[in-house]
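Trainee: Below is the structure I would like to discuss, written out as structure tokens.
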Amino acid sequence: MNLECKRLMSEMEKHSDPVYASWCKQYMRGQFEFIGVPVPLQRQLTKAWVKTIDKPSRSQLRERVQYFWGLPEREYQRVALDLLDTWRKQLTFDDIAWIEQLITTKSWWDTVDTIAPNVIGFLYVSQPPEVTNEISNVLEKWNRSDNIWLQRTSILFQLSAKSRTNEQLLYRYIENLAASNEFFVQKAIGWALRQYARVQPQSVLQFVHSCELKPLSKREALKHLV
């Protein structure tokens with residue numbers, strides 16, 4: 001397995017751009033190292049590599065994702081997310097525990113904002129009702145946790161749900177965090193409401209006027225409504 005992963009790493013390193021890597025590191029506030037591969041090219045290389053390997057089992061998928069997640073360069077966390085997205089139909093409720101570790105390690109908006117709707121959100125809408133209830137219990141814990149990235153995930157997991165959005169859950173999770181002083185939580189609240197307003201504008205307007213939101217959250221929520 002590691003030999004296959006290293007084959008992709010070798011391809012990525014061929015396209016290393018130190019100048020671009022330095023810019024990316026500054027953009028990410030010095031939190032991560034970079035090879036210097038633009039996202040479109042990284043995805044192109046990953047997609048080509050995926051076509052050359054066998055479909056992994058659930059355990060193999062986890063091993064590969066965690067392998068790439070453990071590497072220092074940020075491009076490899078993106079590879080891990082692409083693998084999760086490619087084979088997300090294999091995921092079950094039992095995978096949420098290790099996916100939570102991805103949310104809480106090497107955390108920043110670029111990884112969390114992908115995992116929330118594309119992985120957790122997908123699991124939420126694709127599982128039978130009894131499993132969805134179990135996922136809701138996990139999201140409840142995340143929403144009430146002290147970790148801002150788990151909180152952000154609980155707000156953004158329905159970002160792509162559109163008319164399938166569980167409105168009651170969305171509003172309750174937002175109300176729980178409405179007083180947060182964390183920028184990334186306030187921003188997530190506004191973003192989630194702005195997205196939901198595309199399908200239920202009147203509902204969002206009523207909620208925004210009835211809930212004591214932080215100015216940033218309110219401004220973001222109403223951006224296309226007022």
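Trainee: Quick check: anything in segment 39-48 free of Cβ contacts under 8 Å to residues at least 24 places away in the same chain and under 17 Å from the mean Cα position of the chain (by Cα)?
Mentor: no
Trainee: May I pose another question? Are there helices (runs of 4 or more DSSP H) fully within segment 34-95 with at least 1 residues that are surrounded by fewer than 13 Cβ atoms within 10 Å (Cβ to Cβ) and polar (S, T, N, Q)? List them.
Mentor: So the answer is 58-69.
Trainee: Going through LEU84, LEU8, LEU3 one at a time, which residue ends up being among the aliphatic types (A, V, I, L, M) and without any contact (Cβ under 8 Å) to a residue 24 or more places away in the chain?
Mentor: LEU3
Trainee: Looking only at segment 146-194, which residues are of a type in the set (Ser, Thr, Tyr) and surrounded by 15 or more Cβ atoms within 10 Å (Cβ to Cβ)?
Mentor: THR153, SER154, SER160, THR165, TYR171, TYR173, SER180, listed by residue number.
Trainee: Would you be able to tell me the number of residues in segment 107-141 that are open to solvent by 10 Å² or more (accessible area, probe 1.4 Å) and over 15 Å from ASP95 (Cα atoms)?
Mentor: 14
The values are calculated or read from the model by the stated rules, or taken from the named source; none is laboratory data. Bear in mind that the values here come from a model prediction, so they are computed numbers and not experimental data. So basically every Cβ, Gly included, is an ideal-geometry build from the backbone, and we count neighbours across all protein chains shown. To get the accessible areas, we keep the full protein, side chains included, count just its heavy atoms, and leave off ligands, DNA and RNA. Shrake-Rupley method; radii C 1.70, N 1.55, O 1.52, S 1.80 Å.
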